[in-house]
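Report on the following structure.
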Amino acid sequence: MACGMKLLLVAIALSLVLNTQHFVQGEPQVPCFFIFGDSVSDNGNNNLLPTFAKVNYSPYGVDFPQGPTGRFCNGRNIVDVLAELLGFDNYIPPFAYANGSEIVKGVNYASGAAGIRKESGSQLGACISMGEQLKNHRTTVLRIIDILGKRSLAKKHLNKCLYSVGMGSNDYINNYFLPQYYQTSQKYTLEEYAEVLIKQYTQQILRLRQYGARKVSLVGLGLIGCTPDAIKTYGTNGSSCVEKLNNASQQFNQKLVTLVDELNTNFTDSKFIYVNSYEMGSGDPTLVGFKVLDAGCCEVDEYGQCAPDITPCQNRTDYVFWDGFHPSEASNLITASRTYSAYNASDTYPMDISHLVQLQLEPQVTSI
């Protein structure tokens, strides 16, 4: 990573960290922002669920204005920062708490431990799979039709929104690589499993499009073998990370890029982009100021989450990871910035979010 990139990313991170007025003034670049995903994006949907995968307690939120909210982070997550960069005057509310007319500006459906497959993450308790998140979105769409008064107005509105979808990590971390709970690794090779996941994911993305989505960001899997929990659980056999987990990410991502190409070919009234989380995480983190790469900032429990009410590290901007699995706010600032405005050509494909939201797409008759 070049020195110029180091300086750029440090400047981006510092400007966002030091910006006490988090939100851009004026109209947002899109009228609404809908979010589907797992714990990387969850901002409170798991709080009321019977699950170990929830974090509405201290020290989570130590750097967030409202304290512990259910975000798996010390501060803002990636979609929070994206909402700021897009110009929204508030963070996108979780489906569990969203009500009234605020849903017209977007809803966050993400759920910790959730995956493409319904059973993924279930060893931790309840979670909201991608299929269930789509059902929740259908409920939101019907509410928006009621609020706007006409189905045609709702369709026009929903066609202009940005949709972020980031799923798949838990289908490996909390499914395939846990043979004591799941049979997928006995039924499928890694290559076969990636194909099975992408087939199911394709149907889910097509359903989202049926509900009006036209500008969709599909977030690829990151380096799931480089988390502190993965290194502790599996060992690295002399490598810096757990190679079999990272190989799984790469196989899934290769098929996801192919899916993006197919969707863009088949639906000229829509645009799908791929966010290359894996490549963004592959550089040397020390070049952008991180000092601790293989440990979280807080003391973790048996689930890799921060132990309740234990004081975390003070130098949080030095840490890539906040707990055993999840990136720190400092990491999220850089990832969100590069997702919104790509620094390297490989960060996003075929364009970044800042260009995606500017597209004027020709409408096509579709039911919602």
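The values are calculated or read from the model by the stated rules, or taken from the named source; none is laboratory data. A quick note: this is a predicted structure, and the numbers were derived from the prediction, not measured. Backbone-built Cβ (ideal geometry, glycine too); neighbour counts: all protein chains shown. The accessibility values were calculated without ligands, DNA or RNA, using every heavy atom of the protein model including side chains. Shrake-Rupley method; radii C 1.70, N 1.55, O 1.52, S 1.80 Å.
To the nearest 20 Debye, how big is the dipole of the chain about its Cα centre, given +1 on the beta carbon of each Lys and Arg and -1 on that of each Asp and Glu?
So the magnitude is around 1220 debye.
Ordered by packing density, taken as the mean number of other Cβ atoms within 10 Å over each peptide's residues, highest first, how do 289-300, 138-149 rank?
289-300, 138-149
Heavy atoms only, probe 1.4 Å: what % of the accessible area of the chain goes to carbon and sulfur, would you let me know?
The C+S portion of the solvent-accessible surface of the chain is 52 percent.
What are the ³J(HN,Hα) values, in whole Hz, obtained from phi via the Karplus relation 6.51 cos²θ - 1.76 cosθ + 1.60 with θ = phi - 60°, for each residue of region 254-259 in sequence order, with x given for Gly and Pro?
After applying 6.51 cos²θ - 1.76 cosθ + 1.60, I find 4, 6, 5, 4, 4, 4 Hz.
Just checking my list [x] 20.1, 69; [y] 21.0, 77; [z] 19.3, 61 against Rg and Dmax of the Cα atoms in Å computed from this structure; which label fits?
[z]
Would you please put 216-229, 79-92 in order of how densely packed they are, using the mean number of other Cβ atoms within 10 angstrom per residue and starting with the highest?
Sorting 216-229, 79-92 by mean packing, highest first, produces 216-229, 79-92.
Largest first, how would Tyr234, Tyr57 line up by accessible area (1.4 Å probe)?
From most accessible down to least: Tyr234, Tyr57.
If you average the sequence gap of Cα pairs under 8 Å that are 6 or more apart and divide by the length of the chain, what percent do you get for the contact order?
Normalised by residue count, the contact order of the chain is 19 percent.
Which one, Gln204, Gln314, Gln305, has the greatest fluctuation when you compute a Gaussian network model over the chain with C-alpha springs under 10 angstrom?
Maximum fluctuation in the GNM of the chain, among the listed residues, is at Gln314.
So, for the chain, what is the accessible surface per residue at a probe of 1.4 Å, expressed in square angstrom?
42 Å²
In the neighborhood of Ser354, defined by Cβ-to-Cβ distances under 14 Å, what is the net charge if each Lys or Arg adds +1 and each Asp or Glu adds -1?
Here the count lands on 0.
From the cross-link list Lys54/Lys199; Lys187/Lys255; Lys118/Lys255; Lys118/Lys150; Lys255/Lys291, which pairs have alpha carbons spaced over 25 Å apart?
Long pairs (Cα-Cα over 25 Å): Lys54/Lys199; Lys118/Lys150; Lys255/Lys291.
If the viscosity is 1.002 mPa s and the temperature 20 °C, what translational diffusion coefficient in µm²/s does Stokes-Einstein give for region 231-339 when Rh comes from Kirkwood over Cα pairs?
133 µm²/s
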